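Structure first, then comments.
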Amino acid sequence: MILDLIALDPSSRVWIYQADRDFTYDELDDTREMISHFLKGWTSHNRQLNTYANIFHRRYLALFVDESNSSSASGCSIDASVHFVKSLESKMGLDFFNRNLYSHFDHEENIHVDTLDVFKEKYASGVVDDRTLVFDHLVKTKKDFLERWIVPLEDSWIKRLI
């Protein structure tokens, strides 16, 4: 069953995939249709999962599963979601699995996505500082997504890489 994000339990699991470029507005419409189709058939052990998914900031695909009152995501259902994301990659000409890209907001609230080397250079030159808002795609739950997906660099695991 597809739910609204607000209807999901705070403990709902989340998986975030960062695209290597922004979606066009036309691609967003097409992708949201594909997401809806996938969610309607996303099951675990032949039981429908309570789910939500969306593209945030035209770049980040987030898949949620509420396991509080229904089936839990199993290895097979997680594999199915990865297969879905890979199919989106192929259809849209995107890369969702490049783990060497780091996202942050600038002072005008534009999002920048950089390799670690460029991110370090920006930090060294003061373009990025400890208060710069960064994306932590390793959050595990809806609660963390809402509270900690976007945090100041100084509060992120990414800080230790700089």
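Any idea which of A73, A80 is assigned to a loop (DSSP other than H, G, I, E, B), among the aliphatic types (A, V, I, L, M) and at pLDDT below 95?
A73
Each row is one residue, and each column tells you yes or no for (1) at pLDDT 95 or above; (2) loosely packed, with under 13 Cβ neighbours inside 10 Å; (3) on the phi > 0 side of the Ramachandran plot; (4) not assigned by TED's automatic domain parsing to the domain that holds S12.
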site: V85; (1), (2), (3), (4): yes, no, no, no
site: E121; (1), (2), (3), (4): yes, no, no, yes
site: R131; (1), (2), (3), (4): yes, yes, no, yes
site: K142; (1), (2), (3), (4): yes, no, no, yes
site: L146; (1), (2), (3), (4): yes, no, no, yes
site: D155; (1), (2), (3), (4): yes, no, no, yes
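Quickly run through region 99-119 and pick out the residues that are in contact with a strand residue (DSSP E or B) (Cβ under 8 Å, 6 or more places away or on another chain), loosely packed, with under 13 Cβ neighbours inside 10 Å and part of a loop (DSSP other than H, G, I, E, B).
The answer is N100, and nothing else.
What number goes with the only condition from (1) over 21 Å from V113 (Cα atoms); (2) within 11 Å of the chain's Cα centre (by Cα) that R32 does not pass?
(2)
Kindly establish whether N100 is of a type outside the set (F, W, Y), closer than 30 Å to D129 by Cα and modelled with pLDDT of 95 or more.
no
Would region 57-68 turn up any residue that is assigned by TED's automatic domain parsing to the domain that holds T24, surrounded by 13 or more Cβ atoms within 10 Å (Cβ to Cβ), assigned to a strand (DSSP E or B) and of a type in the set (V, I, T)?
There is at least one residue in region 57-68 that is assigned by TED's automatic domain parsing to the domain that holds T24, surrounded by 13 or more Cβ atoms within 10 Å (Cβ to Cβ), assigned to a strand (DSSP E or B) and of a type in the set (V, I, T).
How many of the residues in region 1-41 are within 18 Å of G75 (Cβ to Cβ) and free of Cβ contacts under 8 Å to residues at least 40 places away in the same chain?
1
(1) surrounded by 15 or more Cβ atoms within 10 Å (Cβ to Cβ); (2) within 22 Å of D9 (Cβ to Cβ): which one isn't true of T31, the others all being true?
(2)
Just need a number here: residues in region 124-137 that are over 24 Å from L61 (Cβ atoms), in contact with a helix residue (DSSP H, G or I) (Cβ under 8 Å, 6 or more places away or on another chain) and either assigned to a helix (DSSP H, G or I) or in contact (Cβ under 8 Å) with a residue 24 or more places away in the chain (or both).
3
The values are calculated or read from the model by the stated rules, or taken from the named source; none is laboratory data. In this text, all values refer to a predicted model and were calculated from it rather than measured experimentally. As a convention, Cβ positions derive from the backbone with ideal geometry for all residues, glycine included, and neighbour counts pool all protein chains shown.
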